[in-house]
Structures are given as structure tokens and as C-alpha cells.
1. For the subset of segment 172-206 comprising residues that are part of a helix (DSSP H, G or I) and of a type in the set (S, T, N, Q), which member is nearest to Glu221 (Cα to Cα)?
2. Phe142: touching a strand residue (DSSP E or B) at 6+ places or on another chain (Cβ under 8 Å), at pLDDT 95 or above, over 22 Å from Cys292 (Cα atoms) and aromatic (Phe, Trp, Tyr), yes or no?
3. Residue by residue through segment 227-244, note down the ones that are under 16 Å from His215 (Cβ atoms) and in contact (Cβ under 8 Å) with a residue 24 or more places away in the chain.
4. Quick one: in segment 78-95, which of the residues that are in contact with a strand residue (DSSP E or B) (Cβ under 8 Å, 6 or more places away or on another chain) and assigned to a helix (DSSP H, G or I) is surrounded by the fewest Cβ atoms within 10 Å (Cβ to Cβ)?
5. Being more than 14 Å from Ala294 (Cα to Cα), charged (D, E, K, R) and buried (at least 17 other Cβ atoms within 10 Å of the Cβ) is the filter here; which residues of segment 213-244 pass it?
6. Mind listing just one residue for me: the one in segment 60-77 that is β-branched (Val, Ile, Thr), closer than 18 Å to Leu230 by Cα and out of contact with any Asp or Glu (no Cβ under 6 Å at 6 or more places or on another chain) and, of those, surrounded by the fewest Cβ atoms within 10 Å (Cβ to Cβ)?
7. Scan segment 192-242 residue by residue and report those that are over 13 Å from Val71 (Cβ atoms) and basic (Lys, Arg).
8. Are there any helices (runs of 4 or more DSSP H) wholly within segment 214-299 with 1 or more residues that are at pLDDT 65 or above and either touching a Gly at 6+ places or on another chain (Cβ under 6 Å) or not aromatic (Phe, Trp, Tyr) (or both), and if so which?
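The values are calculated or read from the model by the stated rules, or taken from the named source; none is laboratory data. Because the structure is a prediction, the values reported are computed rather than measured. Note: ideal-geometry Cβ built from the backbone for every residue, glycine included; neighbour counts use all protein chains shown.
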Amino acid sequence: MSLLRNLNRALTATTGLQVRRAPAPASTAAPVGPKTPPGPSGKRPAPRYRCPDDLALDRLLRRPVFIMSPVRSGSTLLRMLLNTHSRLHSPHELHIRRLEVGYGTRLSERAMDALDLSRGDLEHLLWDRVMHRELAASGKDFIVEKTPSNAFAYRRIRDCWPDARFVFLLRHPASIARSWHEADPGKRTADEAAVDALRYMQAVDNARKGLTGGHTVRYEELTADPEGKLRGLCSFLGVDFEPSMLDYGERDGTQVLKGLGDWRDKIRTGSVQADRPLPTGDDVPEVLRPMCVAWGYDA
């Protein structure tokens, strides 16, 4: 929050803009075009987003990596393994799409319009700066971001970084639902967990269909053959495999933060643990069967 406060002070002093967290950001990009006036309710229309033609001008970050995965699919394990690489920095979940830019005055909005910068463009600049700052502080070459909800906004991420690379992490849908229920059994029943987790699975499935040139990793295969799967992933990312990746070891408290990824005992062991047996038969909720078939887990 201190970063946002400092950024707000600077923006307010120069342009009247302020940055705030979005309560419910749009998951898809609006087409480029003229702005429309507010509707009868007085609510402002969704911002327009543009894909910058000149990355050298609009972006500091180069070739960021995004892990598109449902909740409870092993994304924290994968990012911890990748973070041990000498060239890859994979911090805790950043939730950048939850950052939104708002106008403090009508003059500030007019000023940005005169620069051909929509609200969506300004948000993209903010996202890029935050992630570039994190990467620069690490001293590494590429950043890997793994927030599961990014799958709902894959189009915006693609538009923000046209050179971004995408890794799709899959897991048996029934295993995801069971783990999601076990993560907080008092919050949701097993059936509710299955329905809620399915939203993330569908978002990842849409991203797999809407993005080209990505790399797919299955959690079950990663835990069974971590070296083989990491070698394949490193090849996709254009970096050499490093044997030290197989044992991410103990990390300081900033590596595993509650609410920003998995923080339980299994991930804290510092090494890859075997996955539970695959669900079969009646262990698979009916609502998840179509996704099991789509992802190749058809019993």
C-alpha cells in the first residue's frame, strides 16, 4: 500500500490522477474506438484499450511470463521451482489487474485524452511499471507471474504485453475441487467448491483456446517427473535448465505469504512432493466431467 500512496502523491501533484484498487475489473478488453458518454445511470463506460505499436516507448518489461492456472493446481509449487533459476524471478501473486487508474479531475482526463491515453492505457503503464520494478529489484532477466485470476483477463494481458509468454498449468478437475474445498472447508461445501473452481478452469480453458504458442504443464506430471517437465519448460522459455531448480529449499518469509498463493506445510517442505492418486469413478463430480474430458482426464 505504501507504493500506491507514494504513486498517488506523485500523480496528484502532476496530473490530478489517482490510482485505486478496482472492485471488479473487466475480464475482457473493450474494442478500440471513440469514447461514449456516461449512460443514464451516470456510470462511466468501460475504458478502451490499445495494443501499443512501439514497445520501446510504452513498455519497460520485456517478454514477461504468465502462468495461467486454476486455483489449487500447483501454481505456487511451479513458481517456487522457477524462482530458483538464475534468470527467472517469480514473486508471490501480484494481482496487478486489480489496480485501476481513476481521474481526479475532468482536466486530468482531458489532458490524458490529448496524449491519446485512455484509462486502460494508463492502467497498462502502471501494471508494466510495477512488474518492471519488481523484476529490476531481483536482478534477473524475466519475470513470471502466477495469479490464478489472470486467466479471466488474458486478453488484456495479451494486449498489454504483445510479447508475453504463457504457460498453462493443468490438474485433474476433481483434484482441484477437492483441494479448493480442503483449503477452507468452513467457507464452502464440496459441491460449492467444485462449482466455484470450475469458473477458474473454464477461464484457463478459454485462455488456452484464445492464446497461441503457449506451453502446457500438468501438475501430476510435474510432481512425477519434475526434472523432465522443468527441462521442457526451460526450453520453451529459452533458458538453460539448472539442476538446483529441483530443490527450491527453505526461503525467507516473503516467499510464501498467506493469501498470495499456497502457504501450507506441503509447499514449505522445500521440495516436490508426490501428488495424491487420480480421482476415479464416483470421486468425480458430475459438473466437472465435461472439463475432465476436455483436459484429457476422461476416466
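1. Here is the first cut: in segment 172-206, the residues part of a helix (DSSP H, G or I) are 173-183, 190-206.
With of a type in the set (S, T, N, Q) added as a condition, the list becomes 175, 179, 202, 206.
Numbers: Ser175: 14, Ser179: 18, Gln202: 21, Asn206: 22 Å.
Going through the qualifying residues, I end up with Ser175.
2. On the way: touching a strand residue (DSSP E or B) at 6+ places or on another chain (Cβ under 8 Å): yes; at pLDDT 95 or above: yes; over 22 Å from Cys292 (Cα atoms): yes; aromatic (Phe, Trp, Tyr): yes.
Here the answer is yes, as Phe142 does meet what is asked.
3. Leu230, Leu233, Cys234, Phe236, Leu237, Val239 - these are the residues of segment 227-244 that are under 16 Å from His215 (Cβ atoms) and in contact (Cβ under 8 Å) with a residue 24 or more places away in the chain.
4. Among them, the one singled out is Asn83.
5. Glu220, Lys229
6. In the first step, residues of segment 60-77 are kept if they are β-branched (Val, Ile, Thr); the result is 65, 67, 71, 76.
Okay, now just the ones that are also closer than 18 Å to Leu230 by Cα, so 65, 67, 76.
Among the residues that remain, those that are also out of contact with any Asp or Glu (no Cβ under 6 Å at 6 or more places or on another chain) are: 65, 67.
On the way: Val65: 23, Ile67: 25.
Ranking the candidates gives Val65 first.
7. Of everything in segment 192-242, those that are over 13 Å from Val71 (Cβ atoms) and basic (Lys, Arg) turn out to be Arg208, Lys209, Arg218, Lys229, Arg231.
8. Details: elements: 219-224, 226-237, 265-268, 289-294.
Hits in segment 214-299: 219-224, 226-237, 289-294.
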